[in-house]
Amino acid sequence: GRDTDVDIHIPLPGIDHSGGIVLDHCTDPGFLMAFLWLVQLLSLVFLFTEPERINCVAGTNSKIERNDDSIWTTLYALPSNLLGLLNIILSNHAFVVTLFLFSFIELIGEVLISSCSMIVLRYFDWHGSRAGFILASLGGLVLPAHFIVEHASRRFPERVILRASILFVFCSVVAICNLEGLILDLAAAILNSEDTEHDMELKKLELTVNNSMKHDEFPYDWGAGVFVYLTSLSAIFIGTIVMEGVNTSLMSKSAPKELDGFVNMGLLATLVGSIGRVVGDSMITVSVFVGRSPSR
């Protein structure tokens, strides 16, 4: 339920006493992030200066020419520009693969972070504060992961590291699955399709499945669920960090030169990553509806 301990309450005019700004251990992280973003915005506005571009026209440092076309002209040319951009991207198969992998990496990260609080609450009865501590601890794995990438890139080609990291993430994803729950779920599906009244073996199986369930949920990997989940979660996080570093390097090397006249690479990577995060959040939403029992 909602936390009723209020540390600081700032009433606002026109709002009743229960409203206003509430500062406590639940809302403090949000206000802290908002303050940091505000500091970054003010620093960008007042302290940032446009650097000299190294790819300007032959030895000139003149300002970039402005395009005085109206917004309607730009919108009218947008479909043809998008079609040209799509043709350039699809003509380079290596670049398409790196974009797909980048989107896949963002999808994995979004699913891991967004589902952590739900999984630990459902299987381990842990609340959001403990889930937040787990996610914060994962941040300490970023530097070791980059250290691994830096040392491995000196000895192995980037494509070899990329293939190894993909295989490592795949094995970690298989390991994090609730294998005991999958087996019991399969057994429950068999029981639902068979008549258990006259078959003693099926009746024993039904009794085993019913005894295994706790709070309408199957157990997690025969009592080792906490160790399996935390270990696999850390392994997937490290694998995605390694994969992202190598994939970004390959993306910059395989990017077509024709893209310079259409779109900025940073913008393209941001769009592709956003698509991956949207797909990941959509998968979590769909899984919640699929996993609900009829009684709920």
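Among (1) open to solvent by less than 60 Å² (accessible area, probe 1.4 Å); (2) more than 19 Å from Ile284 (Cα to Cα); (3) free of Cβ contacts under 8 Å to residues at least 40 places away in the same chain, where does Glu180 come up short?
Just one mismatch for Glu180, condition (3).
Could you say whether any residue in the range 87-109 is within 25 Å of Gly273 (Cβ to Cβ) and not in a helix (DSSP H, G or I)?
Yes, that holds for at least one residue.
Could you grab the pairs with beta carbons closer than 9 Å, sequence gap of 6+ or different chains, first residue in the range 36-52 and free of Cβ contacts under 8 Å to residues at least 60 places away in the same chain, second one in a loop (DSSP other than H, G, I, E, B)?
Glu50/Lys63; Glu52/Asn61
Got a sec? Which helices (runs of 4 or more DSSP H) wholly within the range 124-189 have at least 3 residues that are within 21 Å of Pro219 (Cα to Cα)?
Per the criteria, 128-138, 158-176.
If Thr49 satisfies all but one of (1) modelled with pLDDT of 75 or more; (2) assigned to a helix (DSSP H, G or I); (3) of a type in the set (Ser, Thr, Tyr), what's the number of the condition it fails?
Every listed condition holds for Thr49 apart from (2).
So which residues in the range 77-110 are of a type in the set (A, V, I, L, M), closer than 29 Å to Val169 by Cβ and open to solvent by less than 40 Å² (accessible area, probe 1.4 Å)?
Passing the criteria: Ile89, Leu99, Leu101, Ile105, Leu107, Ile108.
The values are calculated or read from the model by the stated rules, or taken from the named source; none is laboratory data. Everything numeric in this text was worked out from a predicted model, so none of it was measured. Heads up, the Cβs are rebuilt from the backbone with ideal geometry, glycines too, and the neighbour counts pull from every protein chain shown. The protein model used for the area step is the full one, side chains on, heavy atoms only, and it has no ligands, DNA or RNA in it. Shrake-Rupley method; radii C 1.70, N 1.55, O 1.52, S 1.80 Å.
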